[in-house]
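Trainee: Quick one: this structure, given as structure tokens, is what I'll be asking you about.
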Amino acid sequence: MTRTLTIGVEATAFSVRRSGISNYIVNLLSHLDMVAGDIRLLMYSHSPLDMPELPRAIPRVVGRPRRGIVWRNTELATALQADRPDIFWGANGLLPIIRPRRMRTVITIYDLVYLLAGDASPWVNRLTRHFDQPYSVRAADRVMAISQSTAADMARLYGRAPDEVILPIVSAAYRPQSVAVVKVVRDKYALPPEYLLTIGTLEPRKNLVSLIRAMLRLQEQGIAVPPLIIAGGQGWLDGEITEAVAQAEAAGVARTLGYVAEADMPALYTGARHFVFAPLYEGFGMPVVEAQLCGTPVVASDIPSLREASAGYATFFAPTVEGIAACLAGLTASPAGCKRRPVGSIDNDPMAAAARLWSVMQSSLR
């Protein structure tokens with residue numbers, strides 16, 4: 001009889017509101033049981049998990065609700081010694097230094113933000129990542145990346161290419177919504193008939209200050225652009241962002257909705273004239289694909305990861321006030337000029353992605 005394979009998963013991304021990382025993890029794990037053999041998942045976290053029910057998943061809340069390198073090398077390390085999983089998936093890109101000798105390790109690297117956009121992160125995050133992430137890449141039995149862009153950065157800066165690239169899978173809920181459904185969500189948030197949409201945690205890497213200043217500049221120039229709707233919760237180093245948002249709301253060129261429940265996002269995308277995404281750096285850029293799956297044209301920063309995520313079906317700008325303003329002014333003059341991606345051209349097969357994850361995990365045992 002085949003033995004059950006136990007896979008430990010760092011699930012701390014589920015101890016806060018859903019994010020890009022937690023969506024990436026759950027969209028893979030929700031299909032893993034369909035392609036894997038006899039497995040069970042131990043979901044390790046320092047806080048209660050806010051996640052959908054997953055097949056064969058067992059929550060393992062261990063230790064006190066403290067985060068980062070301390071929890072990983074104390075409470076998590078102790079739990080791993082007790083449970084002895086066959087494989088540990090560092091789903092947040094990191095490994096504990098202290099771990100069972102025979103336990104195999106797999107990690108996923110989402111980005112190298114601490115190196116390539118370090119000023120956009122709190123100093124303590126940069127400091128710990130400078131040690132933790134390169135160590136984890138060196139020590140892991142298998143390493144995955146979420147994009148070819150991140151894979152290239154890894155090879156260049158770490159000297160190790162990933163064993164596999166598994167692009168993010170977007171929930172099947174992201175598809176064009178009916179006029180009636182869009183109206184319900186538009187009424188819920190008191191949105192105007194036409195608006196631009198952007199999404200992201202309020203933190204410097206998302207470059208919201210430049211986007212808002214571009215909107216204000218267009219208003220000063222007398223160029224009428226639909227208001228910018230900002231969906232995203234509070235982040236970090238956001239003092240300047242908060243001031244810019246307040247100024248834009250007072251001027252009537254933008255509104256912030258705060259954190260928006262995922263159930264409302266497909267309609268929010270569908271109702272937008274354009275999805276505008278202006279980050280300085282991304283590991284992939286899942287919101288670009290979400291917008292495209294909803295049939296919404298994308299306007300985005302001209303950076304490698306977003307060219308990859310959009311497959312070139314976007315209107316690109318330099319992520320500066322001048323670049324964003326010029327792009328939006330051009331689209332206002334010619335709204336049909338923005339490329340739309342055929343929904344059928346988007347590779348969003350969760351079974352294939354889960355099969356690649358399972359293949360990597362199996363190979364780590366050899």
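Each reported figure results from applying straightforward, stated rules to the coordinates on display, with no laboratory input. Since we're looking at a predicted model, the values are computed, not measured. Cβ atoms come from the backbone with ideal geometry, glycine included; neighbour counts cover every protein chain shown.
Trainee: Which FRET efficiency value, to the nearest 0.05, do you get for residue 247 and residue 347 by plugging their Cβ-Cβ distance into 1/(1 + (r/R0)^6) with R0 = 41 Å?
Mentor: Calculated value: 0.50.
Trainee: By its C-alpha gyration tensor, with a ≥ b ≥ c as the square roots of the eigenvalues, how is the stretch 297-366 shaped: rounded for a/c under 1.5, else prolate for a/b larger than b/c, else oblate?
Mentor: oblate
Trainee: List the residues, sorted by chain then number, that are 5 or more residues from residue 145 or on another chain and whose placed amide H is less than 5 Å from its amide H.
Mentor: 109, 164, 165, 166
Trainee: Compute the signed sum of charges (Lys and Arg +1, Asp and Glu -1) over the other residues within less than 13 Å, Cβ to Cβ, of residue 271.
Mentor: +1
Trainee: Count charges around residue 317 for me, please; just the other residues with Cβ under 14 Å from its Cβ, Lys/Arg as +1, Asp/Glu as -1.
Mentor: +2
Trainee: Ok, one more. Quick one: 3J(HN,Hα) in Hz for the stretch 94-107, Karplus 6.51/-1.76/1.60 with θ = phi - 60°, rounded, Gly and Pro as x.
Mentor: Values per residue, Gly and Pro as x: 9, 10, x, 5, 9, 7, x, 5, 8, 6, 7, 10, 9, 10 Hz.
Trainee: Which value in nm describes the separation of the simple spin-label points at residue 125 and residue 179, placed 7 Å from the Cα toward the beta carbon?
Mentor: A separation of 4.2 nm, rounded to one decimal place.
Trainee: Mind listing the long-range amide H neighbours of residue 300? Cut-off is under 5 Å, sequence gap 5 or more, other chains count too, H placed in the peptide plane at 1.01 Å from N.
Mentor: Under 5 Å from the amide H of residue 300 lie the amide H atoms of 277, 315, 316, 317, each far enough along the sequence or on another chain.
Trainee: Here is a follow-up. In debye to the nearest 20, how big a dipole does the chain give about its Cα centre with +1 on each Lys and Arg Cβ and -1 on each Asp and Glu Cβ?
Mentor: Approximately 840 debye in magnitude.
Trainee: Right, here's the next one. Principal axis extents for the stretch 1-124, Cα atoms only, whole Å, descending order, please.
Mentor: Largest first, the stretch 1-124 extends 53, 28, 25 Å along its Cα principal axes.
Trainee: Using only alpha carbon pairs under 8 Å that are at least six residues apart, calculate the relative contact order of the stretch 14-160 and give it in whole percent.
Mentor: Across the stretch 14-160, relative contact order equals 17 percent.
Trainee: A further question on this structure: Please give the helix 208-220 orientation as an angle from the longest Cα principal axis of the chain, in degrees from 0 to 90, rounded to the nearest 10.
Mentor: Computed tilt is about 10 degrees.
Trainee: Divide the volume of the convex hull of the Cα atoms of the chain by its number of residues and quote the answer in cubic angstrom per residue.
Mentor: So the per-residue hull volume is 135 Å³.
Trainee: Take the alpha carbon atoms of the stretch 1-60, find their center, do the same for the stretch 80-129, and report the distance between the two centers in whole angstrom.
Mentor: 16 Å
Trainee: Taking the 0 to 90 degree range and rounding to the nearest ten, how far is the long axis of helix 179-188 tilted relative to the main principal axis of the chain, both from C-alpha atoms?
Mentor: The helix 179-188 is inclined about 90 degrees to the chain.
Trainee: Expressed as a rounded percentage, what relative contact order does the chain have, with Cα pairs under 8 Å and six or more residues apart?
Mentor: Taking the mean separation of contacting Cα pairs over the length of the chain, I get 16 percent.
Trainee: Compute the signed sum of charges (Lys and Arg +1, Asp and Glu -1) over the other residues within less than 12 Å, Cβ to Cβ, of residue 114.
Mentor: -1
Trainee: Now for a separate question. So if I place +1 on the C-beta of Lys and Arg and -1 on the C-beta of Asp and Glu, and nothing else carries charge, what would the dipole magnitude of the stretch 1-59 be about its Cα centre? I want it in debye, nearest 20.
Mentor: Computed charge dipole of the stretch 1-59: roughly 40 debye.
Trainee: In µm²/s, what is D for the stretch 258-334 at 4 °C and 1.567 mPa s, where D = kT/(6 pi eta Rh) by Stokes-Einstein and Rh is the Kirkwood radius from Cα pairs?
Mentor: Translational diffusion coefficient: 101 µm²/s.
Trainee: Would you list, by chain and number, the aspartates and glutamates whose Cα falls below 17 Å from the Cα of residue 339, excluding same-chain residues fewer than 8 positions away?
Mentor: Those aspartates and glutamates meeting the cut-off are 290, 302, 308.
Trainee: Looking only at 187, 111, 86, which one moves most when the chain is put into a Gaussian network model with springs between Cα atoms under 10 Å?
Mentor: 187
Trainee: Let me ask another. Top mean-square fluctuation among 276, 288, 61, Gaussian network model of the chain, C-alpha springs under 10 Å?
Mentor: Sorting by GNM fluctuation, first place goes to 61.
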